[in-house]
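Here's the structure, in structure tokens; my notes come after.
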Amino acid sequence: MNTKRIGQRTIALAHPPSVISFANIGGKFEHEGPLGSYFDEWNEDSFFGEKTWEKAESAMQKKVLQRALDKARLKPKDLDYIFAGDLLNQCIGSSFGLRDFHIPFYGLYGACSTMGESLSLAAMMIDGGFAKRCAAMTSSHFCTAERQYRMPVPYGSQRPPTAQWTATASGCTILAAEGPGPYITHITCGKIVDKGIKDGNNMGAAMAPAAYDTLAAFFRDTETKPQDYDLVITGDLGELGHDIVRSFFEADGISLDKNYQDCGLLLYDRENQDMHAGASGCGCSASVLNGYLLTELQRGTWQKILFAPTGALLSPTSSFQGESVPGICHAICISTKK
């Protein structure tokens, strides 16, 4: 009998792993945004000293893992596993960025939900007794994402109001079996949800149904409601997706007005920085989590939050073949108490 499952889709960790270190890195625009002071490191050069944007993204992952290790006074050999991924083909941002650490590696692809996926798997690995310390991380880069998913950046195509700006950022969380917290206490794995959205410039609408599905499952399984959490925060939905999720819950008679936010609405000053519907990319929710959210949890601003990053599971090939954009969302409860 599996005693760690509650409800249909949620896991209650018997031995909640502790966050023992975290770090984030951003680019110029991320540092100029409202959360700029929460970045451990930022670089005005989008190449991060490298010759290509793809190598720059790998450099971010390398730097952010080393920064998290240094903050915890750990060496690479002290980690049992790394769980990481990115938006690039074959996850080359992660594999090339982390190859010199010689740490057992699980490469992941969850699109912009990858921080939630990596954090979930790392937490379950530790709770299951298979590891003592794991790193969960991801990254994105505006220029690598635009080159791969949309138009070449120099093309200068018009961006519609629903478009979001892919964050040039990376975040890393190190979890351990023991520590002072905050702790990962519950996890709800997302399902693939597809409502037929085909517009690659409207990621918020494509991902919002998955966010609603996962959050509703979490509340149902745990027999809790949004008001039981100091903050419920989705990742990368932006303005439109945020409003859609809120309207879905309103149709169920549940209000998300007071404590519901989205990482895509927090990272940039959308009016002064002209980021349209907000931020997106793996690095958006990863940098917000590993800067603003975990810092404020440690400071006691919140006691318990529900972190639910979202991802759009498309590729250039699927878009060219007329496919829709499936979405996914993973929910993680992070608490200052076990």
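Quick check: pseudo-label points 7 Å beyond the Cα along Cα→Cβ at Ser318 and Arg5, how many nm apart are they?
Distance between label points: 2.6 nm.
Give a quick list of trypsin sites (Lys or Arg not before Pro) in region 214-262 that DSSP marks as loop, anything other than H, G, I, E or B, with at most 14 other Cβ atoms within 10 Å.
Lys258
For region 1-85, which GluC sites (Glu not before Pro) pass both filters: DSSP loop (anything but H, G, I, E, B) and at most 10 other C-beta atoms within 10 Å?
When the GluC sites (Glu not before Pro) of region 1-85 are filtered for loop state and at most 10 Cβ neighbours within 10 Å, Glu44 remain.
Mind checking the dipole of the chain: about its Cα centre, +1 per Lys or Arg Cβ, -1 per Asp or Glu Cβ, Debye to the nearest 20?
Roughly 960 debye for the chain.
At a Förster distance of 45 Å, what's the computed FRET efficiency of Lys225 paired with Ser46, Cβ-Cβ distance as r, to 0.05?
Taking R0 as 45 Å, the efficiency between Lys225 and Ser46 is 0.60.
At 0.36 nm per residue, minus the direct Cα-Cα distance, what do Thr301 and Ala14 gain on full extension? Give it in nm, one decimal, please.
Contour length minus Cα-Cα distance gives 100.8 nm.
Please compute the length gained on full extension between Phe130 and Asp199, using 0.36 nm multiplied by the number of residues separating them and subtracting their Cα-Cα distance.
Gain in length upon complete extension: 20.7 nm.
Defining a contact as two alpha carbons under 8 Å apart and six or more residues distant in sequence, what relative contact order in percent does region 183-335 show?
Across region 183-335, relative contact order equals 38 percent.
For the charge dipole of region 183-335, defined by +1 on Lys and Arg C-beta atoms and -1 on Asp and Glu C-beta atoms about the Cα centroid, which residue among Phe219, Met275, Thr310 has the Cα displaced farthest towards the positive pole?
Phe219
Report the one residue of Ile92, Gly107, Val64 whose Cα lies farthest in the direction of the positive end of the charge dipole of region 5-176 (charges on C-beta: Lys and Arg +1, Asp and Glu -1; origin at the Cα centre).
Final value for the positive-end residue is Gly107.
Taking region 5-176 on its own, what percent of its Cα-Cα pair distances exceed 29 Å?
22
How many nm is it between the label spots at Lys28 and Asp243, if each spot is 7 Å from the Cα in line with the beta carbon?
Output for this residue pair reads 3.1 nm.
What's the center-to-center distance, using Cα atoms, between region 219-277 and region 177-198 in Å?
Cα centroid of region 219-277 versus Cα centroid of region 177-198: 15 Å apart.
Using θ = phi - 60° and the Karplus curve 6.51 cos²θ - 1.76 cosθ + 1.60, what whole-Hz ³J(HN,Hα) does each residue of region 14-22 get, with Gly and Pro shown as x?
5, 10, x, x, 9, 6, 9, 6, 7
When the gyration tensor of region 183-335 is built from Cα positions, what are the square roots of 5 times its three eigenvalues, in whole Å, from largest to smallest?
They are 24, 18, 14 Å, listed largest first.
Show that you can apply the helix-only estimate: for the chain, add -39,500 (n - 2.57) for every DSSP H stretch of four or more residues, divide by all residues, and state [θ] at 222 nm to the nearest 500.
Only helices count here, giving -9500 deg cm²/dmol.
Go through 133-142, 279-288 and give me the packing order, highest mean Cβ count within 10 Å leading.
In decreasing order of mean packing, 133-142, 279-288 become 279-288, 133-142.
If I take R0 = 30 Å and measure r between the Cβ atoms of Ser255 and Ser37 in this structure, what FRET efficiency does the formula 1/(1 + (r/R0)^6) give, to the nearest 0.05?
0.45
If you average the alpha carbon positions of region 290-338 and of region 1-41, how far apart do those two centres end up, in angstrom?
Centre-to-centre distance over Cα atoms comes out at 8 Å.
Taken together, the values in this text are just the output of simple stated rules run on the coordinates, not laboratory data. Because the structure is predicted, anything quoted here is derived from the model rather than measured. Glycine gets a Cβ as well: all are built from the backbone with ideal geometry, and neighbour counts include every protein chain shown.
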